[in-house]
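Student: Below are the structure tokens for one structure; questions will follow.
The values are calculated or read from the model by the stated rules, or taken from the named source; none is laboratory data. Just so you know, these numbers come straight off a predicted model, no measurement behind them. Every residue, glycine as well, gets a Cβ built from its backbone with ideal geometry; the counts of neighbours run over all protein chains shown.
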Amino acid sequence: MRPYELIIDHDSCWGCRTCELACKQENRDPAGVRLIRVLEEGPEMTGGRPSFTFRVRVCRHCDEPACVEVCPEDAVSTRDDGIVVLDDEACSGCGLCADACPYDAIDLDPERGVAGKCNLCFHRVDNELMPPCADNVCPAHCVYFGDPEEIRREIARKHALRPRGPSSASG
């Protein structure tokens, strides 16, 4: 088991995109490149009202990442702690990693001609800091970083406290 993971409680996300902003500020990625992306689904009618679902797209740092396997430059690798990193200096910009990613979590930087992906802000993690997207910026408290089992317990506890019924439809 990994020592930590980035886990999104999609059911709690209300689409504010604060995680996107925190990531953009930390990594200073150019326009058009987003290492974390909030996608909107809907509307669906729930109890006569439109509701939306939001899904946060971000690298999941897979146990067996397809992006690592297909990179002809060995620019994508997995650290001992499970963080999948991309060395943009070694990247040729071929886009094979982006095509191979089942989560659509790799963007190509049109200015620099290289791929970009979430690296869990390992420069912060290595200094015992949180990635900025999970560092208490989310007003819905749906972006977690830490021990995966503790996070899953916390999300289950939070969901158990939610009121049930037609008036509690979330969106």
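Student: So which residues in the stretch 124-167 are touching a Phe, Trp or Tyr at 6+ places or on another chain (Cβ under 7 Å) and touching a residue at least 40 places away in the same chain (Cβ under 8 Å), if there are any at all?
Tutor: Hits for the stretch 124-167 are PRO131, ALA134, ALA140, PHE145, GLY146, ASP147, ILE151.
Student: Those residues that are in a loop (DSSP other than H, G, I, E, B) and touching a residue at least 40 places away in the same chain (Cβ under 8 Å), I need them from the stretch 1-15; list them, please.
Tutor: Once the filter is applied, which keeps residues that are in a loop (DSSP other than H, G, I, E, B) and touching a residue at least 40 places away in the same chain (Cβ under 8 Å), the stretch 1-15 yields MET1, ARG2, PRO3, TYR4, ASP9, CYS13, TRP14.
Student: Can you tell me which residue within the stretch 58-67, out of those that are out of contact with any helix residue (DSSP H, G or I) (no Cβ under 8 Å at 6 or more places or on another chain) and at negative phi, is surrounded by the fewest Cβ atoms within 10 Å (Cβ to Cβ)?
Tutor: Within the stretch 58-67, the subset out of contact with any helix residue (DSSP H, G or I) (no Cβ under 8 Å at 6 or more places or on another chain) is 59-65.
Restricting the remaining residues to those that are at negative phi gives 59-60, 62-65.
On the way: CYS59: 22, ARG60: 17, CYS62: 16, ASP63: 9, GLU64: 7, PRO65: 22.
Here the answer is GLU64.
Student: May I pose another question? List, please: which pairs have Cβ atoms under 6 Å, are six or more places apart or on different chains, and start with a residue in the stretch 83-101 that is closer than 23 Å to ARG124 by Cβ and at pLDDT 95 or above and end with one that is acidic (Asp, Glu) and part of a loop (DSSP other than H, G, I, E, B)?
Tutor: ALA90/GLU73
Student: Taking strands (runs of 3 or more DSSP E) that fall entirely within the stretch 100-158, which contain at least 1 residues that are under 13 Å from ILE7 (Cβ atoms) and among the aliphatic types (A, V, I, L, M)?
Tutor: Correct list: 143-146.
Student: Looking only at the stretch 16-37, which residues are in a strand (DSSP E or B), of a type in the set (A, V, I, L, M) and surrounded by fewer than 19 Cβ atoms within 10 Å (Cβ to Cβ)? Break it down stepwise before answering.
Tutor: Quick first cut of the stretch 16-37, residues in a strand (DSSP E or B) only: 36-37.
If we keep only those that are of a type in the set (A, V, I, L, M) too, we end up with 36.
Those that are in a strand (DSSP E or B), of a type in the set (A, V, I, L, M) and surrounded by fewer than 19 Cβ atoms within 10 Å (Cβ to Cβ): none in the stretch 16-37.
Student: Of the residues in the stretch 38-56, how many are surrounded by fewer than 18 Cβ atoms within 10 Å (Cβ to Cβ) and either aromatic (Phe, Trp, Tyr) or on the phi < 0 side of the Ramachandran plot (or both)?
Tutor: Here the count works out to 13.
Student: As an exercise: evaluate SER167 against (1) assigned to a loop (DSSP other than H, G, I, E, B); (2) at pLDDT below 95; (3) more than 21 Å from VAL38 (Cβ to Cβ) and give the number of the one condition it does not meet.
Tutor: (1)
One line per residue, one yes/no per condition, for (1) in a loop (DSSP other than H, G, I, E, B); (2) touching a residue at least 12 places away in the same chain (Cβ under 8 Å):
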residue	(1), (2)
GLY42	no, yes
MET45	no, no
PHE54	no, yes
ARG57	no, yes
PRO72	yes, yes
ASP81	yes, yes
